[in-house]
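Beneath this line is the structure, given in structure tokens, with notes to follow.
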Amino acid sequence: MTTKRCWSLKDIPDLTGKTAIVTGGNTGLGFKTTLELARNGASVVLACRNSEKGGMAIKRLRQSIPKAELSVITLDLTCDQSIEDFAKQFSHKHSQLDILVNNAAVVNLAQRQTTSEGLEMHMATNHLGHFALTGRLLPTLLSADHARVVTVTSGGYKYGTIDFDDFNWQRRPYHRVKAYGDSKLANLLFSYQLQRYLDSIGANTMSVSAHPGLTGTERQQTTGVGGALSRSLASSVDNGCRSQLLAATAPDIKPQGFYGPRYGIWGSPALHKASPKYVNAALAQQLWDFSEDITGVRFPTDGPA
């Protein structure tokens, strides 16, 4: 557990001088995460698909924090060129990146959807896009002192499997909860393997993961009785964002730490242990290699300058 049992947003330290990126920073958990990072002095880049919506989000944010340092760079996590262009634009404006919050996600899509390259949409957006983005931003992360990468997963990772022979759900009957679970398991495996990689090159950058529990946005595309029940039990976005904000800012965070609500779907954020039934080093390495091959983004083997 963290040293403070009931960590709250008031415990976020002064972030003046730090630069952060929040994917999906214009809505939901991403918006609240952006708000709190900016409130505590960070300069935050909202990475979102629609620049107009990003601009509207900044106007809303400035209603609470008039002098906040905020900007938008468009990003489509399903498009290799968009990811590359985003990283180039960011590195042109910023010499270092202190906090990367891999937050954006699609959730429980009712019908199987694919990208233009035939990749299943949950996995393409939630995992592969963030894998490639982190790789593209690596030089700016390594330029910062003790940067942090927070990858947002979900307790739904236990519904997932990494089927390398049917990665895009072409043969299996599509199941939206399991497809989403696949991507959230991939998020968790990536976060663990990223720390192993950072250790191997002697970087002081830290990789951690977080999940929000059950929030008003976690099952936003679930319908029917189960969806109604989930929404009735869901915590507010203000509570849901605490785990990723703790992971991004608290001083006593552990490398490879997995943070979520203390009681699974609700409660103050705490350190958890991922189930070894789903998460192991061999699978994480296999997924890493597989992801490099699919995205074409390869993490260099040499350490920081």
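Structure notes:
- Gln220 fulfils the conditions (1) at pLDDT 50 or above; (2) farther than 26 Å from Pro276 by Cβ except for a single criterion, (1).
- Residue match in the stretch 59-73 (condition: touching a residue at least 12 places away in the same chain (Cβ under 8 Å) and touching an Asp or Glu at 6+ places or on another chain (Cβ under 8 Å)): no
- Scope the stretch 137-170; condition among the basic types (Lys, Arg) and either assigned to a helix (DSSP H, G or I) or out of contact with any helix residue (DSSP H, G or I) (no Cβ under 8 Å at 6 or more places or on another chain) (or both); matching residues: Lys158
- Within the stretch 108-155, the set of residues being open to solvent by less than 10 Å² (accessible area, probe 1.4 Å) and at pLDDT below 95 comprises Asn108, Ser154.
- The single condition among (1) out of contact with any Ser or Thr (no Cβ under 7 Å at 6 or more places or on another chain); (2) free of Cβ contacts under 8 Å to residues at least 60 places away in the same chain; (3) part of a loop (DSSP other than H, G, I, E, B); (4) not charged (D, E, K, R) that Gly181 does not meet is (3).
- Odd one out for Ser71, checked against (1) in contact with a helix residue (DSSP H, G or I) (Cβ under 6 Å, 6 or more places away or on another chain); (2) closer than 29 Å to Pro251 by Cβ: (1)
- Ile58 vs. criteria in contact with a Cys (Cβ under 9 Å, 6 or more places away or on another chain) and not aromatic (Phe, Trp, Tyr): no
The values are calculated or read from the model by the stated rules, or taken from the named source; none is laboratory data. Source: prediction; values computed, not measured. Note that each Cβ is placed from the backbone with ideal geometry, even for glycine, and that neighbours are counted across all protein chains shown. Just the protein is used for accessible areas: all its heavy atoms, side chains included, with ligands, DNA and RNA removed. Shrake-Rupley method; radii C 1.70, N 1.55, O 1.52, S 1.80 Å.
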